[in-house]
1. Please get the size of the charge dipole for the stretch 164-243, origin at its Cα centre, with Cβ charges of +1 on Lys and Arg and -1 on Asp and Glu, quoted in debye to the nearest 20.
2. Testing the spin-label approximation: label points 7 Å from Cα along Cα→Cβ at TYR146 and GLU67. State their distance in nm.
3. Between THR228 and GLN90, what's the calculated FRET efficiency when r is the beta-carbon distance and R0 is 35 Å? Round to 0.05.
4. What is the local net charge at ASP97, summed over the other residues whose Cβ is closer than 15 Å to its Cβ (Lys, Arg +1; Asp, Glu -1)?
5. May I ask you to derive the FRET efficiency for LYS82 and THR214 from their Cβ-Cβ distance with R0 = 41 Å, giving the value to the nearest 0.05?
6. Can you give the local net charge around LYS207? Use residues other than it whose beta-carbon is closer than 15 angstrom to its beta-carbon, Lys and Arg +1, Asp and Glu -1.
7. Using label points projected 7 Å from each Cα along Cα→Cβ, tell me how many nm separate GLU195 and HIS177, to one decimal.
8. Dividing the Cα convex hull volume of the stretch 45-236 by residue count, how many Å³ per residue is that?
Amino acid sequence: MTIASWQVAVARPALLLCLLLASACNDSNSRAPGPQAQRFRLNSLAKTDIGQVLEVHVHEARGYLRELMIKLYRRNPRELAKSPVPDAEQNIRRLFDEPHQWQFPELDGTTGVAALRLGLAADYDGDRVFAFVAGLLSMVMSTYEYKEEFYLLDSVDPQNLYNSARNIEIASWKLRHDRGPDGEPVLYSVSLPGEVENLSYERLFGKLIALQDTMAVIIAGKGNRTITKMVQRMATAAFLPIF
């Protein structure tokens, strides 16, 4: 083999490899980005698989509730006029992003089911959207011990997760059916007669309920625990306790 032919023989595989790499780079750049893997952190060593599943469920639940709050403010802009912070984005940030220890003056120190009831009460003169979503969020977070990260010794009660799912069902029903003294909904959400059908609220509530129910089953199965199930009629249903 001559020197020239040897150089060609060596160059061809190298050129082919370069073309393949370039093609792979172009393909990866043209694809839509998928879910990003979590970056490794030292404290990940102190987490279990169940803990990581809990974190995903908390993150998703908070996302759905944030979306619900945005939708309710768009449907009920009148509520902002009754808020100490008459700006929807700022209200969303102070509930979901800023430290607060659940102390909001317009809620009179109430959280969870009590805040939910306040937001739906016929005589409440405050921001119903804020009260309603703050009640849902604090109730859901209480079932996760108000945590967003979970380590080896952390645990949650599957009964509380189950009870919160039933409470979300009740809250969804009451949001659709509760009326004020004028006969109008205390909060507008789903479509009224004559309006284009809007099922987006029901889908959001359905996702929240499924998250809590799924996590309840996972935790109960992991700890070999039994969940006491309740069957109630929505029209007369009472909110279940979260311990």
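A short reminder: the numbers here are calculations on the coordinates, not readings from a lab. Worth saying up front: this structure is predicted, and the values here are computed from it rather than measured. Don't worry about glycine lacking a Cβ; one is built from the backbone with ideal geometry, like all the others, and counts go over all protein chains shown.
1. Taking the Cα centre of the stretch 164-243 as origin, the dipole is about 560 debye.
2. My value for the distance between the label points is 2.8 nm.
3. After rounding to 0.05, the efficiency reads 0.30.
4. Residues near ASP97 contribute -1 overall.
5. The formula returns an efficiency of 0.70 here.
6. Taking every other residue near LYS207 into account, the sum is -1.
7. With each label point 7 Å from Cα toward Cβ, the separation is 1.9 nm.
8. 126 Å³
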